[in-house]
Amino acid sequence: MPQRSQVLLEPRKSPVQARSVASVEAILEATIQVLLDEGKEWLTTTKVALRAGVSVGTLYQYFPNKSALLQAALKRHLEEITVAVEQVCREQKGNTLPQMATALITAFLAAKSRDAKTSVALYSVSSDVDGAKIVQQMAVRSNKALVGMLETAREPLTRDPHLVTSMLQAVMAGVSRRWLESGAPEKQLDAMRQELIFFVSAYLEASASPPLKPRR
């Protein structure tokens, strides 16, 4: 039997018709706006419906409560970032490791910084809406895309590509979150991008070099 918290977080139904899709997009966009303007404590389904220009009844057709709204907004946000990573990994297959690193970090940070305030706001509600589960689902997809790209590099890796990918994901996630929560991420974007490209490029190039023999 499903746990009560899981049931309450799941959307009531998925939109099918174009009009329904538009309504759900408006509701999710309104959720972000209310979250940014008033904070998660003051966000209500009534406020979201009013901001979205739909009735509360229409909102409840898709989302049973406030938590379901926030989870859906978080999932949509992470989906956009994951799609950006998957796309760049497809485009970079067969290139050099430095080319892969530059394109990957550029696309990843562009997706993260498209709306930095939204990213930070959604981080703040993640633990309230089972965000770890969504992050894990997206991480599996990104992991698959990254491994697939690295396995085609012109410089064959001498380390396990799955391990290399896990390290890349950890670094990208950790650095980007700290950067976003710095207070002025827009001002630091260019410097952060260059430093992260340098870091990832160096790591990938080292991962393609023969391992050092231990000194006797």
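The values are calculated or read from the model by the stated rules, or taken from the named source; none is laboratory data. What you see is a predicted model; the values in this text were computed from it and never measured. For neighbour counting, all protein chains shown are included, and Cβ atoms are generated from backbone atoms with ideal geometry for every residue, glycine included. The protein model used for the area step is the full one, side chains on, heavy atoms only, and it has no ligands, DNA or RNA in it. Shrake-Rupley method; radii C 1.70, N 1.55, O 1.52, S 1.80 Å.
Near the amide H of GLU155, under 5 Å away, which other amide H atoms are found, from residues 5 or more places off or on another chain, if H is placed in the peptide plane?
Excluding prolines and chain starts, which carry no amide H, the hits are LEU97.
Can you give the accessible area per residue of the chain, in Å², using a 1.4 Å probe? Let's see the in-between values first.
Working: 12460 Å² over 216 residues.
Using a 1.4 Å probe on heavy atoms only, each residue of the chain averages 58 Å².
Could you give each residue of region 108-116 its phi-based ³J(HN,Hα) in whole Hz, using Karplus coefficients 6.51, -1.76, 1.60 with θ = phi - 60°, and x for Gly or Pro?
Residue by residue, region 108-116 yields 5, 5, 5, 5, 5, 8, 4, 8, 4 Hz.
Tell me which aspartates and glutamates have Cα within less than 19 Å of LYS66's Cα, excluding those fewer than 8 residues away on the same chain?
GLU10, GLU25, GLU29, ASP37, GLU38, GLU41, ASP128, ASP130
Any chance you could run the full-extension gain for SER127 through LYS93? It's 0.36 nm times the residue separation minus the Cα-Cα distance, nm to one decimal. Don't skip to the answer; put the middle values down first.
Details: separation 34, 0.36 × 34 = 12.24 nm, distance 3.51 nm.
That pair, SER127 and LYS93, stretches by 8.7 nm at full extension.
Once phi is turned into θ = phi - 60°, what whole-Hz ³J(HN,Hα) does the Karplus curve with 6.51, -1.76 and 1.60 give for every residue of region 42-48, x standing for Gly and Pro?
9, 6, 9, 5, 5, 5, 5
Taking 0.36 nm per residue of separation and subtracting the Cα-Cα distance, what length does fully extending LEU163 through ALA202 add? Could the numbers behind the result be given before it?
On the way: separation 39, 0.36 × 39 = 14.04 nm, distance 1.58 nm.
Taking 0.36 nm per residue and subtracting the Cα distance, the gain is 12.5 nm.
Per residue, how big is the convex hull of region 56-153 when only Cα atoms are used? Give it in Å³.
Details: hull volume 10.0 nm³, N = 98.
Given the Cα convex hull of region 56-153, per-residue volume reads 102 Å³.
Can you compute the charge dipole magnitude of the chain about its Cα centre, using +1 on each Lys and Arg Cβ and -1 on each Asp and Glu Cβ, nothing else charged? Give it in debye, rounded to the nearest 20.
Working: 27 positive and 21 negative charges, 88 e Å.
So the dipole magnitude of the chain works out to roughly 420 debye.
Could you give the semi-axes, largest first, of the ellipsoid that matches region 62-216, computed as the square roots of 5 times the alpha carbon gyration tensor eigenvalues and rounded to whole Å? Mind dumping the intermediate values first?
Numbers: eigenvalues 186, 58, 41 Å².
Ellipsoid half-lengths, sorted descending, are 30, 17, 14 Å.
To the nearest 10 square angstrom, how much accessible area does LEU163 have with a 1.4 angstrom probe?
Ignoring ligands and nucleic acids, LEU163 comes out at about 100 Å².
Report, to the nearest whole %, how much of the accessible area of region 6-147 belongs to carbon and sulfur atoms, 1.4 Å probe, protein only.
Here it works out to 54 percent.
Express the Stokes-Einstein translational diffusion coefficient of region 35-110 in µm² s⁻¹, to the nearest whole number, given a Kirkwood radius over alpha-carbon pairs, 20 °C and a viscosity of 1.002 mPa s.
Numbers: Rh = 15.0 Å.
Answer, rounded: 143 µm²/s.
What are the trypsin sites (Lys or Arg not before Pro) within region 13-108 that DSSP puts in a loop, where the Cβ has at most 12 other Cβ atoms within 10 Å? Each step should come with its number before you reach the end.
Numbers: sites: LYS13, ARG19, LYS40, LYS47, ARG51, LYS66, LYS75, ARG76, ARG90, LYS93; in loops: LYS13, LYS93.
The qualifying sites are LYS13.
Mind checking which aspartates and glutamates have their Cα closer than 18 Å to the Cα of LYS144? Skip sequence neighbours fewer than 8 apart in that chain.
GLU79, GLU80, GLU86, GLU91, ASP160
Explain nothing, just the number: relative contact order of the chain, from Cα pairs under 8 Å at least 6 residues apart, as a whole percent.
On the way: 218 pairs, mean separation 46.5, N = 216.
Once normalised by length, the contact order is 22 percent.
Pulled fully out, how much extra length does the chain show between GLN188 and GLN33, if you take 0.36 nm times their separation in residues and subtract their Cα-Cα distance? Can you show the working numbers first?
On the way: separation 155, 0.36 × 155 = 55.80 nm, distance 2.43 nm.
That works out to 53.4 nm of additional length.
Would you grab the residues whose amide H sits under 5 Å from the one on ALA208? Only those 5+ places off in sequence or on another chain, please, with H modelled 1.01 Å from N.
THR158
Along region 179-189, what does the Karplus equation 6.51 cos²θ - 1.76 cosθ + 1.60 (θ = phi - 60°) give for ³J(HN,Hα), rounded to whole Hz, x for Gly and Pro?
Values, residue by residue: 5, 5, 8, 6, x, 9, x, 4, 5, 9, 4 Hz.
What do you get for the angle between helix 66-91 and the principal long axis of the chain? Use alpha-carbon atoms, 0 to 90 degrees, nearest ten.
Tilt relative to the chain: about 30 degrees.
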